[in-house]
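Everything below concerns the one structure shown next.
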């Protein structure tokens, strides 16, 4: 097989990265019981340099998970509670008029908003109107914001980790497709098992408050992201990732009958990019020097389900976008 990425990642560096991921999992487990898939999903997004959307009912530790990971990585962290009356300036910042006491002259001073942090938690992102949701578009794509004609760089590394409650419809605003496409992964958080729930209740109703130690910092994370991008992948793996993304588009010749019947719009090119980056991140997290098709499969559902828009036929057949994506991923038409 022909490798695309060069120079290859160093084995010793990969082992250190895998050890760091293990240390992060240990620290997160001090506060968050279970939710291993969600934890690994967030770490995959961080190592891949992408953003993540966490979907789950209230009480599943979505906010706690994000804040704990930020603390364990020693990254600056801001939480924004999205509400119907939130304005774009409440996120990006605004210009204030100030008067110089000595001269009496007035001037504008930019006051930075909570977007200026390395990890920004957009809590219940679908509770604010699209006008305010759109304030994140430039930040998520270009890592900067523009206010009153001036462009300000955001801290590096920079991540938006958003949460969404899937069961509430009143007073919510569905995220536009352009906004959804900015998220590398959509992660679904499930109810804990009985034993996990008993552990949660025991841990949260006593006097002990678990402490989290920082095991990484922003500089180390940036080096890990660079290492992930150096993970080699074969030309055939890239072809498989592109094929899978293209198969979600009903107008393409590659689309199977199920997609043509149930899908209105498929995933764009970002899906192909994130399938490969996610596969590289998963390989690095395991300390492996090369990504394979199983790595693509492990992230495929999280990459695609929020990028595939189903139609009325799917609604009539009680088929969700996740159902369609899982059926597509479980097939073998995209990687053989």
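The values are calculated or read from the model by the stated rules, or taken from the named source; none is laboratory data. Predicted model, so just to flag it, every value in this text is computed and none were measured. All Cβ positions, glycine included, derive from the backbone under ideal geometry; neighbour counts span all protein chains shown.
So is residue 305 over 25 Å from residue 53 (Cβ atoms) and either assigned by TED's automatic domain parsing to the domain that holds residue 42 or modelled with pLDDT of 90 or more (or both) or not? So residue 305 does not fit the description; no. The residues of the stretch 64-82 that are in a helix (DSSP H, G or I) and over 16 Å from residue 117 (Cα atoms), listed by number, are 64, 65. Restricting attention to the stretch 17-32, does a residue exist that is part of a helix (DSSP H, G or I) and within 17 Å of residue 158 (Cα to Cα)? Checked the stretch 17-32: no residue is part of a helix (DSSP H, G or I) and within 17 Å of residue 158 (Cα to Cα). Remark: residue 43 matches the filter, which requires a residue to be surrounded by 14 or more Cβ atoms within 10 Å (Cβ to Cβ), at pLDDT 90 or above, outside any strand (DSSP E or B) and out of contact with any strand residue (DSSP E or B) (no Cβ under 9 Å at 6 or more places or on another chain). Any residue at all in the stretch 257-264 that is buried (at least 17 other Cβ atoms within 10 Å of the Cβ), under 20 Å from the mean Cα position of the chain (by Cα) and in a helix (DSSP H, G or I)? Among the residues of the stretch 257-264, not one is buried (at least 17 other Cβ atoms within 10 Å of the Cβ), under 20 Å from the mean Cα position of the chain (by Cα) and in a helix (DSSP H, G or I), which makes the answer no. Of all the listed residues (275, 237), the sole one being over 21 Å from the mean Cα position of the chain (by Cα) and at pLDDT 90 or above is 237.
No other residue among 87, 140 is assigned by TED's automatic domain parsing to the domain that holds residue 49, surrounded by 17 or more Cβ atoms within 10 Å (Cβ to Cβ) and either within 27 Å of residue 174 (Cβ to Cβ) or within 27 Å of the chain's Cα centre (by Cα) (or both) apart from 140.
Checking the stated criteria, residue 56 turns out to be farther than 19 Å from residue 20 by Cα, touching a residue at least 60 places away in the same chain (Cβ under 8 Å), touching a helix residue (DSSP H, G or I) at 6+ places or on another chain (Cβ under 6 Å) and outside the structural domain of residue 281 (by TED's automatic domain parsing).
Screening the stretch 110-179 for strands (runs of 3 or more DSSP E) wholly inside it with 1 or more residues that are over 23 Å from residue 45 (Cβ atoms) and in contact (Cβ under 8 Å) with a residue 24 or more places away in the chain returns the ranges 144-147, 150-153.
In the stretch 299-336, how many residues are part of a helix (DSSP H, G or I) and farther than 22 Å from residue 226 by Cβ? Of the residues in that region, 19 qualify. Among the conditions (1) over 30 Å from residue 20 (Cβ atoms); (2) in contact (Cβ under 8 Å) with a residue 24 or more places away in the chain; (3) touching a strand residue (DSSP E or B) at 6+ places or on another chain (Cβ under 6 Å), residue 250 misses just one, which is (2).
For the residues 122, 117, 153, the requirement of being exposed (fewer than 13 other Cβ atoms within 10 Å of the Cβ), closer than 30 Å to residue 27 by Cβ, assigned by TED's automatic domain parsing to the domain that holds residue 49 and touching a strand residue (DSSP E or B) at 6+ places or on another chain (Cβ under 9 Å) singles out 153. Answer yes or no as to whether residue 91 is at pLDDT 85 or above, assigned to a loop (DSSP other than H, G, I, E, B) and closer than 30 Å to residue 27 by Cα. Spelling it out, it is not the case that residue 91 is at pLDDT 85 or above, assigned to a loop (DSSP other than H, G, I, E, B) and closer than 30 Å to residue 27 by Cα.
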